[in-house]
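One structure is given below, encoded as structure tokens.
Readers should treat all values here as calculations from the given coordinates under stated rules, not as data from a laboratory. Keep in mind it's a predicted model, so treat the numbers as computed, not measured. Every residue, glycine as well, gets a Cβ built from its backbone with ideal geometry; the counts of neighbours run over all protein chains shown.
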Ligand code: NAD
């Protein structure tokens, strides 16, 4: 029962710590890294608020030191999924009718816990488990995660206030109900913030969720479950069910109560899941909402009026930060012949300075790639380029997995604009460059637009404003997040709502009101104050001249 219009304060983006030498946050983070490293924890499932251990376990390791075990993970299957479905449907009875401001209070508190007492833990866990540098961990595991939660609450408050027109004698209302059934949240390894947001956004809207984290990021994700508990999230509202994809997905998609998918991950996985849902359509009580953000083959396109120094910095950060494992990472680049020599000289000097190694050594710019599987896949592309006649590796190309899954930042130069590494998502520190003739500018724009099935992020570099306009128009459908004289990575909640179209997903823009609306099912209510008492309409009366 709410007896007032409660106000949610409009949030601000969380500021980031620098971790520069001598700062207190640097010392505090280093201490927490040591503490976490010194113990091996158990990661159970959390179903109905209770820890559930299973007979199948795997080791959770550090990608940059794969002999170091961080945790023992309990893998779930059909039995645990069914327990989670039952728990979520039971929790739904109370949660779905809880006033929205009481619900968002929990997630606002969780945000303050993330940026307050749990900040070091979230950053350290993301560094150790996903091999992120302090900066890469801070901007997302602390900053972006808190932004998702705080702005989600704010967007929801605004949605609730959006009400229809009522003419005289009528009261029209729209009620924003959660979906009937449970939402399945499936998260990728590469962002702790995305993982936390996938079950939280629907839950804020009054839904119950089953969250399947990636087994490769489960370490930081588990700590976020603890934060939700501390923030007061009732048992069963979000059930944490780690396991291998189909082991969890198949029993979920068999349930008649499945009502929504909140997915982020690769395109092939999303396609498989969508087909399974389609095959099961007849058994569902309601048409499931399907929200999926998938892969990218993100580009940087330079015009000959580009600022070369800005281009160098943007390309380096966009291609190699977090080892190129961002869905938005630049992985193909188009440069005109006239500025290529200057760019090449400056860029290769900078790339050669990048240090790759243990993320606990704060002088490193890059850590390891996430797993042996990822290492093998990425290095197979590098080997392919090394053998090819129409490409050459002009920087990097070395890799070593003796201690951790380390791959040097690699730059490939190709004469073939359709070279394999210009077309396919590699998801590693590999940038392929195609140099075009200046007089082939327009044709190369077409080439860039048509080379990949994805349309996630893209950046253009030009000083000439006519050219900026032309490129923006030409790339209208080529990227859901489009950047002008700026790198194509690092979207911020409430500033650049994130998502792509074509094969990059449903473009429901994570961290925006567009996304929140997907987890609500509106009910329109019309109420008459004085009801009609005669069924006849005035036109039916007879006029004097007609009688
Ligand atoms: P992935 O597709 O391998 O896995 C994603 C999740 O799906 C994991 O939790 C996995 O276990 C699960 N899964 C696999 N099969 C399943 C099934 N049958 N049923 C249910 N769940 C199943 O992706 P990943 O390697 O973890 O993440 C990298 C990918 O994610 C890249 O393609 C990247 O571009 C994409 N990504 C996209 C965005 C975006 O906003 N567009 C953001 C981050 C990552």
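Values for this structure:
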{"item": "Descending semi-axes in Å of the chain, equivalent ellipsoid built from Cα gyration tensor", "result": "43, 32, 22"}
{"item": "Beta bridges by DSSP in segment 298-484, antiparallel share as percent, to the nearest 5", "result": "20"}
{"item": "Spin-label zone in segment 57-80 - amide nitrogen under 11 Å from a point set 7 Å from the Cα of residue 403 along the C-beta vector", "result": "64-66"}
{"item": "Sorted by Cβ density within 10 Å, fewest first, the residues 88, 266", "result": "266, 88"}
{"item": "Neighbour-count ranking [beta-carbon atoms within 10 angstrom, fewest first] of 509, 7", "result": "7, 509"}
{"item": "Distance from segment 511-546 to segment 317-340 (C-alpha centre basis), Å", "result": "54"}
{"item": "Cα-based helix-to-principal-axis angle, 24-37 vs the chain, degrees rounded to 10", "result": "90"}
{"item": "Dimensionless Rg over Rh [segment 213-348; C-alpha; Kirkwood]", "result": "1.15"}
{"item": "Principal-axis tilt of helix 372-387 within the chain, Cα atoms, nearest 10 degrees", "result": "50"}
{"item": "Point-to-point label distance, residue 284-residue 528, nm (Cα→Cβ direction, 7 Å offset)", "result": "3.7"}
{"item": "Segment 1-35 versus segment 474-506: alpha-carbon centroid distance in Å", "result": "26"}
{"item": "Inter-centroid distance (Cα atoms) of segment 441-469 relative to segment 359-375, Å", "result": "31"}
{"item": "Ratio Rg/Rh, restricted to segment 298-484 and using Cα atoms, in which Rh is the Kirkwood radius", "result": "0.96"}
{"item": "Relative contact order [Cα under 8 Å, 6+ residues apart], segment 197-324, whole percent", "result": "21"}
{"item": "Neighbour-count order for 433, 170, fewest beta carbons within 10 angstrom listed first", "result": "170, 433"}
{"item": "Angle between the chain longest axis and helix 119-130 axis [Cα atoms, degrees, rounded to 10]", "result": "60"}
{"item": "Average Cα contact separation per residue, the chain, under 8 Å, 6 or more apart, as relative contact order %", "result": "17"}
{"item": "The chain: antiparallel DSSP beta bridges as a percent of all, rounded to 5", "result": "40"}
{"item": "Ellipticity estimate at 222 nm from DSSP helix runs (n ≥ 4, -39,500 (n - 2.57)) divided over the chain, nearest 500", "result": "-11500 deg cm²/dmol"}
{"item": "Spin-label model distance (nm) - residue 377 vs residue 51, 7 Å beyond Cα toward Cβ", "result": "3.2"}
